[in-house]
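The values are calculated or read from the model by the stated rules, or taken from the named source; none is laboratory data. Computed from a predicted model, the values in this text were never measured in an experiment. Virtual Cβ from ideal backbone geometry, glycine too; neighbours counted across all protein chains shown. Just so you know, the surface numbers come from the protein's heavy atoms only, side chains and all, with ligands and any DNA or RNA stripped out. Shrake-Rupley method; radii C 1.70, N 1.55, O 1.52, S 1.80 Å.
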Amino acid sequence: MKSHIDELKDTIRRLHGVDSSHVETVAVKESFEGETIWEGEVEVFELYDHPETDKLYAWVHIMDDLDNPERHVTVLHIYPITSPQLAVRAAIIQEYRKRERPKEN
């Protein structure tokens with residue numbers, strides 16, 4: 001059975017086309033108006049031969065979907081995303097915007 005680090009490395013290879021090494025795990029807690037909206041561990045990876053950056057942030061997001069119980073999230077370390085906290089914040093904003101878009105018929 002693969003570790004979640006190995007699963008994330010496979011996801012990085014598939015999505016970004018490069019190999020990576022795990023550097024560290026960072027605990028992140030994101031709050032909005034006094035309420036915790038996300039809390040978990042963000043894995044920091046060093047990337048090899050990526051054309052834009054040498055670092056990436058990744059984590060496993062547990063979903064409320066029995067068919068797809070988890071999703072692997074990856075965010076490149078490219079300004080203004082310069083920390084695990086900012087990577088989580090960017091992913092939350094992207095998810096919110098995706099949900100707010102009107103459905104096309």
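Sequence gap at least 6, Cα distance under 8 Å: using those rules, report the relative contact order of the chain to the nearest whole percent. Dividing the mean separation by the residue count of the chain yields 19 percent. Loop-resident chymotrypsin sites (Phe, Trp or Tyr not before Pro) (DSSP state other than H, G, I, E or B) in region 32-105 with no more than 13 further Cβ atoms inside 10 Å of their Cβ: 48. Loop-located GluC sites (Glu not before Pro) across region 24-53 with a Cβ neighbour count of 12 or fewer within 10 Å are 33, 52, with loop assigned by DSSP. Can you match P(r) over Cα pairs in 10 Å bins from 0, in percent to one of these, [x] 14, 43, 29, 12, 3, 0; [y] 14, 43, 32, 10, 0; [z] 13, 43, 37, 7, 0, based on a calculation from the structure here? Read-out taken from this structure: [y]. Calculated [222 nm] ellipticity per residue, helices only, for the chain: -9500 deg cm²/dmol; basis is -39500 (n - 2.57) per DSSP H run with n ≥ 4, divided by all residues, nearest 500. Counting only alpha carbon atoms, the long axis of helix 84-100 and the longest principal axis of the chain meet at about 40°. Sorting the segments 72-80, 60-68 by their residues' average number of neighbouring beta-carbon atoms within 10 angstrom, most packed first, yields 72-80, 60-68. For the residues 21, 31, 83, a GNM of the chain with alpha-carbon springs under 10 Å puts the largest fluctuation on 31. Protein heavy-atom surface of the chain, 1.4 angstrom probe: 48% of the accessible area is carbon and sulfur, with nucleic acids and ligands not counted.
The slack between residue 97 and residue 66, meaning 0.36 nm per residue of separation minus the straight C-alpha distance, is 8.8 nm.
Backbone amide hydrogens, once placed in the peptide plane, bring residue 19 within less than 5 Å of 48, excluding anything fewer than 5 places away on its chain.
Distances between placed amide hydrogens fall under 5 Å for residue 55 paired with 47, 77, all partners being 5 or more residues away or on another chain. Between helix 4-16 and the chain there is an angle of about 90 degrees, using the helix long axis and the longest principal axis of the Cα atoms.
Remark on residue 37: its backbone amide H falls under 5 Å from those of 30, 31, 32, a criterion applied only to residues 5 or more positions apart or on other chains, H modelled at 1.01 Å from N.
Remark: region 20-33, residue by residue, has Karplus-estimated 3J(HN,Hα) of 8, 10, 6, 9, 6, 10, 10, 6, 10, 10, 10, 10, 9, 6 Hz, where x stands for each Gly or Pro and the curve is 6.51 cos²θ - 1.76 cosθ + 1.60 at θ = phi - 60°. Among 90, 58, 27, the largest mean-square fluctuation in a Gaussian network model of the chain, built with springs joining Cα atoms closer than 10 Å, belongs to 27.
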